[in-house]
Amino acid sequence: MKKKELLSPVGNYEALLQAVSNGADAVYLSGKKFGARAFAENFTNDKIIEAIKYCHLYGVKIYITINTIIYESEINECLDYIRFLHQNNVDAIILQDLGLIKIVREKFPNLEIHASTQMHNHNQEQLKMYEKMGIKRVILARELTLKEVNSFSTKLELEVFIHGALCISYSGCCLFSSLLLNRSGNRGSCAGLCRLPYELMENKTLVKVRGKYLLSPKEFSTIEEFKEIMDSNITSLKIEGRMKSPYYVGFITKLYRTIIDNYYEGTEFKLSSDDLTKLKVLFNRGFTNGHLFEAKNSSLMNIEYSNHQGIKIGRVLEVTKDKIKIKLDKKLNQEDGIRFVSEEKGMIVNFLYNTKGLLINKAHTNQVVYVDNKIGLKTKGDILKTIDKKLEKNISLLPQRKIKITCALIAKKGKRLCIAFSDGENKVLKNGSVVEKAKNVPITENIIKEKISALGNTPFVLENIEIINDADIFINVSELKKIRRELVEELILKRENQIPHPFLEKKILKKEIEETKQNNKININCLIRNEEQLKACLDQKVDFIYVTNNNLYQKYKKNQNVYLRLERVKNNFPDYNKENLLICEIGSLYKYVPSNNIVIDYYFNVVNSYHFNFLERMGAKRITLSIENSFENIKQIVNNIKNKSKIEIFLYGRPEVMLLKYCPLNMLVNKDETCKICLNNNKYYFKDRNQKLYPIINNIEENHLTHLFYYKNIDNFNSLKEYQKLGIKNFRLEFFDESPEEIKKIICKIKSVKNE
């Protein structure tokens, strides 16, 4: 049985040292660009080379994330970066762009590719497509259950998250931060809007709930259920945390290393109370075993607090302008971080005082102490410890990770001394001077073993030495030491420069796409949500209509311009044939493009011509570009494709900003009872701090998937003429709750613009 890989997050070089020293089998990290954690410290190119050598020295694999959307102007720079990584022996790269994956497979056929979780990987049809594309591993959506993961039949390696922060939206499906603040989660710049406070509105009435962080999930932990994961078909066990501290990375890596090793040794693992305390103080929002183990609503979410909670260590007895009086339940040290729950304010304890007003550097359980009121605290309440400086100091003392080697030594009179080191894969050999008969005291095997074994601060430890020697011989001890040092240096170099996939680059001839004849007609394509809206679009003679309801589609599909928009999360694939389909995810592309009329929705995040051309060659009739494209980027895409008639642009509508496998209405309104909330006619919204209302649609037919919509309609009518000048013919209008009269006005508006 192949052992499962423990994969640790690395946001900087200190975190890398922690991950490797504490037993990671592999690490993942990012360069300064193209990684989905743009606000981590990340790595320069020089540091990446250093990291690759260091990881390979210890037999640790290194994967580089290039898991953002890549704009047209960045493609060449990105390919140069990938070439650099391949030339410097990276083990794999993590990609999310189908077009980029295609060109990398052709250009660098020896380079291993992993499909990022940003690709919304959740069904068997996707895995079939990835196999054909030559992808080696798929990082699965965090919304999958372990039962679903085990049901996949594939040659691909499967990677799942086992610990860390959870995104509440399906990865790659969140536009919230991008639309509201121009900080794209698909570009690694997520503003974490799910961690902010919201109120739930029913129609225009506030629904009173016990918390205010209505989109904030708990921290993911699988420690208690880990045996089931070890018994699964999963290849790689991934810890989240490139934005977290090196101390967190070191501790969590060591913890799961112990659990995994215990499993293979047949020893049951029990999390000690001390380790649980350390786990909590390093980072926690409360813990959940997540969708992997079918956690729902209240067991998944922490709506009372969205930030790191640490551990409770006491309470405030008295507050003055200058001092805060505290009664401790647990130890507190100078330089620890604390937070006051009543006002959600935090501080570092720079100065700690006893009841006599004397400075102290530590305080014990049940002790009364004072700290400076430098944060303007006014109220009493519980105190949390969120940083434990002593714990961090202990974790910073890195354990030595040793590589087991063997030695073979031959010492025969009249022949040159021969010593070889081997790590099982690499072998280095050195010859010394001619071995002579001892004139006085011969060297013993014990002395030989002692000198060869003295590997000290090197990465190696001698597991076994085989000595073939004559009796009564002399070997200079200094020569043994010299050869040992030289062998160590050579073995280090061999390990550091291991080539997982020999560099190979092929010239790629650009495939020309036959240019189609353009006409001046533009198409108005409308997405509707009910029959009234559909009839209004038919009356206005729009060109294509996308419906979200299958019954509605079946009723009107005799109209050749009516399309069924398929689900964004799809696990059931009926045998559609010669149907008109608007598809939102990769599994549907693979399943339906051979025998149906396919339009690609903007959820495919198409932002470059490589991705566009890939989808066109697969057989897509039209491809809707991502709504995260700027006009300038759209212009650059258009300049690099020939069939402009297949481009569709989002012109008007209220897009979905999140897709959630979490039913807030069930949790907050029905109190986790059997949910009938989806069947009523009330309208629900999340209201943010700026009084913006985000509509919630929860579809019981989709197993309570929740669709969160933007607070307003996006209106790009002013850009229509400029789009037309580029040769773009297809324009999307998406209707949410517009009446037939409103739809008529909107369609007349676009018709008036196009006819000017």
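Data for the structure
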| quantity | calculated |
| --- | --- |
| Listed residue (373, 357, 346) projecting farthest to the positive dipole end of segment 337-390, Cβ model | 357 |
| Segment 269-381 pair-distance distribution - Cα-Cα, 5 Å bins, rounded % | 2, 10, 18, 21, 17, 11, 8, 6, 4, 1, 0 |
| For a label point 7 Å along the Cα-to-beta-carbon line of residue 539, residues of segment 711-750 with backbone N under 20 Å | 733-750 |
| Segment 570-728: antiparallel DSSP beta bridges as a percent of all, rounded to 5 | 65 |
| Along each principal axis, Cα extent of segment 50-100, largest first, Å | 38, 17, 13 |
| Cα principal axis extents for segment 1-140, largest first, Å | 42, 38, 27 |
| For segment 550-598, convex hull of alpha carbons as volume per residue, Å³ | 71 |
| Within the chain: Cβ-based charge dipole about Cα centre, in debye rounded to nearest 20 (Lys, Arg +1; Asp, Glu -1) | 960 |
| Rounded percent of accessible protein surface that carbon and sulfur make up, the chain, 1.4 Å probe | 47 |
| Which label in (i) 104, 81, 56; (ii) 83, 69, 41; (iii) 111, 76, 43 gives the computed Cα extents along the principal axes in Å | (iii) |
| Leading residue at positive end of dipole, the chain (Cβ point charges), from 13, 464, 173 | 13 |
| Inter-site label distance for residue 298 and residue 398 at 7 Å from Cα along Cβ, in nm | 4.6 |
| The chain, relative contact order [Cα under 8 Å, separation at least 6], % | 13 |
| Stokes-Einstein D (µm²/s) once Rh is taken as the Kirkwood radius of segment 450-568 over alpha-carbon pairs, at 20 °C in 1.002 mPa s | 94 |
| Inter-label distance, nm, simple model (7 Å from Cα along the C-beta direction), residue 752/residue 490 | 8.4 |
| Scattering profile of segment 557-635 at q = 0.19 Å⁻¹ [log10 I(q)/I(0), Debye over alpha-carbon scatterers] | -0.79 |
| Dimensions (Å) - segment 698-751, Cα atoms, principal axes, largest first | 44, 26, 19 |
| Rg and Dmax [Cα atoms of segment 76-178; Å; Rg one decimal, Dmax integer] | 14.4, 41 |
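The values are calculated or read from the model by the stated rules, or taken from the named source; none is laboratory data. Owing to the predicted nature of the structure, the values given are computational and were not obtained by experimental measurement. Here Cβ is always computed from backbone atoms with ideal geometry, including for glycine, and neighbour counts include all displayed protein chains. Surface areas here come from the heavy atoms of the whole protein model, side chains and all, with no ligands, DNA or RNA. Shrake-Rupley method; radii C 1.70, N 1.55, O 1.52, S 1.80 Å.
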